[in-house]
Every structure is written in structure tokens, then in C-alpha cells.
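The values are calculated or read from the model by the stated rules, or taken from the named source; none is laboratory data. These figures come from a predicted structure and were not determined experimentally. Glycine gets a Cβ as well: all are built from the backbone with ideal geometry, and neighbour counts include every protein chain shown.
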């Protein structure tokens, strides 16, 4: 993931009352809350690097983000050669604290396996 306090991302960083309690120190290189505009929609984004993972959550107040909106965030926050994924975990492991959020994940110490290009 790109550094979250880069000059490119600084204008998108926001301070929110609940964020310090949930994230600790944020809007630095490793943790950030951003509002990212895309085609008239303001995407609320929490991004972090830690515990072996890059993690980005993207939410809207009234609906889940679209694939196009997730892809916009991916291109903005991740380096062009990085592969990221969405995970669908077993129901017993599912945690849902926001009904309209989707997540992007990238392991820091492992390469994500990819299917053959013709299948993607």
C-alpha cells in the first residue's frame, strides 16, 4: 500500500471523533481515515497496515460500494503492481459492524496466488 500520509493522499485525510478511539494514532503513514470523492459520491475509507496485512474498508451511508468505486479506491491507495483481494469468510467468522462496507486485503508477507490470466 502507498504511504497513507503521502502528498497525494493528504488532501483526502479527515479527522473524526470516533477514529482515535478505534484506531489509536491515525492519519499517519500506517493508519488513516479518508473521504474519497468519486463521480459525485463521497466514499468513507479506513486504511491501515499492521499485523501482517494491508486493510482498507470502504463504506457509504445508504448502500454498499460498487465494484467501480472499490477499484477507484484500490488504484488510489495501492501501488500498481500490488494484488489485493476481498475475502468471504465462513459465516461463523463473519463480523459485521457496518451494513454498507466492503473490504480490501493484502497480506504483507505472502504473495496472493492468481488464476491463469485467461480466467480473470
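Some points to look at:
- Filter result for residue 80 (outside any helix (DSSP H, G or I), at pLDDT 90 or above, closer than 25 Å to residue 120 by Cβ and more than 14 Å from the chain's Cα centre (by Cα)): yes
- Note on segment 103-117: among residues that are modelled with pLDDT of 95 or more and not in a loop (DSSP other than H, G, I, E, B), the one that is farthest from residue 47 (Cα to Cα) is 107.
- Of the residues in segment 80-95, at least one is in contact (Cβ under 8 Å) with a residue 40 or more places away in the chain and under 12 Å from residue 1 (Cβ atoms).
- Matching residues, segment 74-98, being over 15 Å from residue 34 (Cα atoms) and either in contact with a helix residue (DSSP H, G or I) (Cβ under 6 Å, 6 or more places away or on another chain) or surrounded by 10 or more Cβ atoms within 10 Å (Cβ to Cβ) (or both): 82, 83, 84, 85, 86, 98
- Top-ranked residue of segment 37-47 - restricted to ones that are surrounded by fewer than 19 Cβ atoms within 10 Å (Cβ to Cβ) and touching a helix residue (DSSP H, G or I) at 6+ places or on another chain (Cβ under 9 Å), ranked as nearest to residue 14 (Cα to Cα): 37
- Residue check, residue 99 at pLDDT below 95 and farther than 19 Å from residue 3 by Cα: yes
- Selection from segment 4-49 of residues that are within 13 Å of the chain's Cα centre (by Cα), free of Cβ contacts under 8 Å to residues at least 40 places away in the same chain and either at positive phi or outside any strand (DSSP E or B) (or both): 30
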